[in-house]
Amino acid sequence: DFAERTIYLGADIDLSAYRWISIGKAGIFFNYPFKGTFDGGGYTISNISQEIGSSGYGGLFGYVEGGTVTNVKLENVQIAVTATPVYVGSLISVLKDGVVTDCVISGNNKIYSEADPSYFYNSGSSFVGDVIGEIRGTNELIFNIEATDIDVRYDDFDKFNLNVIINYDEGRNHQNRG
């Protein structure tokens with residue numbers, strides 16, 4: 001979980017030759033969140049490609065709980081959703097009681113559906129956001145986020161909680177400065 005540890009990115013990374021698996025997950029029978037600090041150092045992580053199925057987590061990070069993500073630049077993120085429910089955000093799928101600062105998402109970014117539309121009708125709620133898919137905690141600090149050219153497309157929006165930049169539940173103590 002990397003609690004009380006900091007990971008520093010030391011150079012640009014091109015992931016075009018790999019199928020990315022998000023860092024950190026949570027579910028009914030398991031809980032493996034990322035709890036440390038990830039400092040991207042202003043370097044760029046490019047060409048993340050994912051295919052996300054039911055109960056999947058899409059994005060650089062899948063589940064961040066009490067952790068910090070800072071100074072990250074993402075470029076050309078492509079996430080295909082094949083079944084739902086899912087949790088998807090280019091940077092973080094689910095953020096709980098964490099900090100996100102000074103992050104940039106740019107280039108040709110796309111979150112899209114490859115699933116049969118009938119999956120979306122009866123599948124339960126999914127959380128999809130351009131940067132962060134869902135915010136679950138009560139004490140998040142989110143500021144200095146820049147996102148451009150993110151294309152989110154689904155055949156059926158009825159079962160999705162969708163937001164342009166960050167998807168969150170109203171009434172919680174979120175601080176979005178920037």
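Brief remarks follow.
- Calculated from the alpha-carbon coordinates, region 1-78 shows an Rg and a Dmax of 12.8, 36 Å respectively.
- Accessible area of region 1-68 belonging to carbon and sulfur atoms, whole % at 1.4 Å probe: 51 percent
- FRET efficiency, 1/(1 + (r/R0)^6) with R0 35 Å, evaluated for ALA11 and TYR112 via beta carbons: 0.75
- Ranked from largest to smallest solvent-accessible area, with a 1.4 Å probe on the protein heavy atoms, TYR8, TYR43, TYR87 come out as TYR8, TYR43, TYR87.
The values are calculated or read from the model by the stated rules, or taken from the named source; none is laboratory data. Quantities reported herein were computed from a predicted structural model and do not represent experimental measurements. Because the Cβ atoms are built from the backbone with ideal geometry, glycine has one as well, and the counts that use them run over all protein chains shown. Side chains are part of the model used for accessible areas, which takes the heavy atoms of the whole protein and leaves out ligands, DNA and RNA. Shrake-Rupley method; radii C 1.70, N 1.55, O 1.52, S 1.80 Å.
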